[in-house]
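Novice: Provided herewith is a single structure, encoded as structure tokens, for subsequent inquiry.
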Amino acid sequence: LRLSINDILDFSKIESGRVELSLKPADIVELVSSNMSYNKLAGQKKNISLVLELPAEPVIVNMDSSYINQVLNNLVSNAIKFSESGTKIRVRVAEHNDQCMVSIIDQGPGIPEHELSKLFKFFSRTSVQSTQGEHSTGLGLAISQKIIESHGGNIIVESTRGMGSTFTFSLPLASRT
């Protein structure tokens, strides 16, 4: 188990309830676009293409951009970690009612249904193996869930063995005035 200092600090802050968010109205479409540029190289190293499905208009949410960027990095890097060469990862942003929905859709091995409940627990892992021996601390999804919940949102996973996984998080849209 290799933990980074940032993992330990994030874990410590979250467990003690000391996550201090700096919420500001910001365009999540812009944040996702910039994040995908950052993650594109990791995908290319494994011959995995990242496909963006973004609305033409900005989607404004009250968010701490650095924390939401951390969630995106975690979800996209997990999708890359568990996907085979030659596959696609789709990242979709959409508005639904008063929520912004961000989905990361991979073509990985999927997660056994009986293991889905393990996903958002600290230090918990499933039996699914990364495709090139990449490491996992068992903290990323738990931290991501706490960050999204502290923003008033939710994170869910849908997965089918052999068909891939979709991780979707929601954030409340900023009120339009």
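Read-outs: derived from the displayed coordinates by stated rules, not from any lab. Everything quoted here is computed from the prediction, not taken from an experiment.
Novice: In the structure shown, do any of K45/K81; K46/K81; K40/K146; K45/K121; K81/K146 have a Cα-Cα gap over 19 Å, and if so which?
Specialist: Working: K45/K81 11 Å; K46/K81 9 Å; K40/K146 26 Å; K45/K121 29 Å; K81/K146 22 Å.
Beyond 19 Å: K40/K146; K45/K121; K81/K146.
Novice: Which three semi-axes in whole Å describe the equivalent ellipsoid of segment 74-121, each the square root of 5 times a Cα gyration tensor eigenvalue, listed largest first?
Specialist: On the way: eigenvalues 90, 57, 16 Å².
Semi-axes from the Cα gyration tensor: 21, 17, 9 Å.
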